[in-house]
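The values are calculated or read from the model by the stated rules, or taken from the named source; none is laboratory data. Computed from a predicted structure; not experimentally measured. Positions of Cβ are generated from backbone atoms using ideal geometry, with glycine treated the same way; all protein chains shown enter the neighbour counts.
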Amino acid sequence: MVTKEISIKGVTVHSFVLHQMEQKARELNVTGALITRPDGNLTIISGTENDVTTYVSWFKNIGEVYGFNPEVKNVAFRAFHKFSLS
């Protein structure tokens, strides 16, 4: 299991994109949380290496479509029960 942190700064992410994020996470059995902070959105996801890699690739592609460039970092493993929009 791996955990990644995805940051989106300086851009408002529309609610339909947030719901697409949640739906894709469920489809891939990726768990995590979306946290909205004053400086931007932060998503922390966990899952198998393959599922997380697939999610990150999908997320970068959707970022190109909607005009944001996510920053991805490896972080220490964290376990989540499901993917939630906080």
Picking from 32, 40, the residue that is surrounded by 18 or more Cβ atoms within 10 Å (Cβ to Cβ), in contact with a Ser or Thr (Cβ under 7 Å, 6 or more places away or on another chain) and on the phi > 0 side of the Ramachandran plot would be 32
Scanning region 25-55 for residues that are out of contact with any Phe, Trp or Tyr (no Cβ under 9 Å at 6 or more places or on another chain), among the β-branched types (Val, Ile, Thr) and under 20 Å from residue 14 (Cβ atoms) gives 35, 36
If we take region 16-86, then strands (runs of 3 or more DSSP E) inside it with 3 or more residues that are of a type in the set (S, T, N, Q) and within 17 Å of residue 5 (Cβ to Cβ) are 40-47
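In the set 43, 48, which member is of a type in the set (S, T, N, Q) and more than 13 Å from the chain's Cα centre (by Cα)?
Every option except 48 fails the conditions.
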Pairing a residue in region 18-43 that is among the basic types (Lys, Arg) with any residue that is at pLDDT 85 or above and outside any strand (DSSP E or B), where Cβ atoms lie under 8 Å and the two sit 6 or more apart in sequence or on different chains, gives 24/30; 24/55; 24/58; 24/59
Those residues of region 43-68 which are loosely packed, with under 12 Cβ neighbours inside 10 Å and either under 13 Å from residue 83 (Cβ atoms) or not hydrophobic (A, V, I, L, M, F, W, C) (or both) amount to 49, 50, 57, 61, 64, 67
### Message
Is it the case, given these coordinates, that residue 10 is out of contact with any helix residue (DSSP H, G or I) (no Cβ under 8 Å at 6 or more places or on another chain) and either modelled with pLDDT under 80 or at positive phi (or both)?
### Response
yes
Expected output for region 75-86 (first residue on the phi < 0 side of the Ramachandran plot, partner not in a strand (DSSP E or B), Cβ below 7 Å, 6+ apart or cross-chain) is 77/1; 83/22; 83/25; 83/26; 83/30; 85/18; 85/22
